[in-house]
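K.L.:
Below is a structure I'd like to ask you about.
The values are calculated or read from the model by the stated rules, or taken from the named source; none is laboratory data. This structure is a prediction, so every number in the text was calculated from the model and none was measured. Don't worry about glycine lacking a Cβ; one is built from the backbone with ideal geometry, like all the others, and counts go over all protein chains shown. Ligands, DNA and RNA are stripped out before the accessible areas are found, and what is left, the full protein with its side chains, is counted by its heavy atoms. Shrake-Rupley method; radii C 1.70, N 1.55, O 1.52, S 1.80 Å.
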Amino acid sequence: MATEQSQSESTADSVQPTIESLQNGDRPFVLADSLGQVVSINQAFQQTYGWTEDQLRGQSLSLILPGAFQMSHQLGFSRFQATEQSTILAHPLRLKTVCADGSELVSEHFILGEKTEAGWIFGATLTPLPDGTETDA
């Protein structure tokens, strides 16, 4: 019985997405460091939202967030740094994403955090949703 449980747990663990699997996927992706600064974006992110990696690398993730959401994002990020507890990681969220031209698209954000020797890293896919889709926040 214990062997069956271990095998099913290990199978479940193997299907859990990782930052690397998200990064290597075909959806728009952004990678951020423990301070919430953009480390990289992929080509799909550039094509969908119009930002270049040079525009975002080293900048706060808040550049791609609507102004009304920036403060709550900073507070949540600070709380996570203090507690390492999150209610949003690995759960899809419908949020607005600011494009390079200033327009906003409702996108499904799927965010993962992974603790490394150098600290936390965060990766997210952002999938645009149809016009008129309601947001979660």
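K.L.:
Return the carbon/sulfur percentage of the accessible area of the chain, one whole number, probe 1.4 Å, all protein chains in place.
P.N.:
Using a 1.4 Å probe with all protein chains present, the chain comes out at 51 percent carbon and sulfur.
K.L.:
Next up: Using modelled backbone amide H atoms (1.01 Å from N, in-plane), which distant-in-sequence or interchain residues come within less than 5 Å of C99's amide H?
P.N.:
For C99, the qualifying residues are E104, L105.
K.L.:
Which of the peptides 22-33, 94-105 is most tightly packed, and how do the rest follow, judged by the mean count of other Cβ atoms within 10 Å per residue?
P.N.:
Highest to lowest by the protection proxy: 22-33, 94-105.
K.L.:
Would you compute, from DSSP H runs of 4+ residues alone, the mean residue ellipticity of the chain at 222 nm, taking -39500 (n - 2.57) per run and dividing by the full residue count, rounded to the nearest 500?
P.N.:
When only DSSP H runs of four or more count, the value is -10000 deg cm²/dmol.
K.L.:
Could you give the accessible area per residue of the chain, probe 1.4 Å, as a whole number in Å²?
P.N.:
Heavy-atom SASA per residue in the chain reads 61 Å².
K.L.:
What percentages, rounded to whole numbers, describe P(r) for the chain computed over all alpha carbon pairs with 5 Å bin width beginning at zero?
P.N.:
For the chain, the binned pair fractions read 2, 10, 18, 23, 20, 13, 7, 4, 3, 1, 0, 0 percent.
K.L.:
Rounded to the nearest 20 debye, what is the charge dipole size of the chain about its Cα centre when +1 sits on each Lys and Arg Cβ and -1 on each Asp and Glu Cβ?
P.N.:
Dipole of the chain, to the nearest 20 debye: 320 debye.
K.L.:
Here's something else I'd like to know. What percent do you get for the relative contact order of the chain when only Cα pairs under 8 Å and 6+ apart count?
P.N.:
Worked out over the chain, it gives 25 percent.
K.L.:
Just to confirm the number: angle between the C-alpha axis of helix 67-83 and the first principal axis of the chain, 0 to 90 degrees, nearest 10?
P.N.:
The two axes meet at around 30 degrees.
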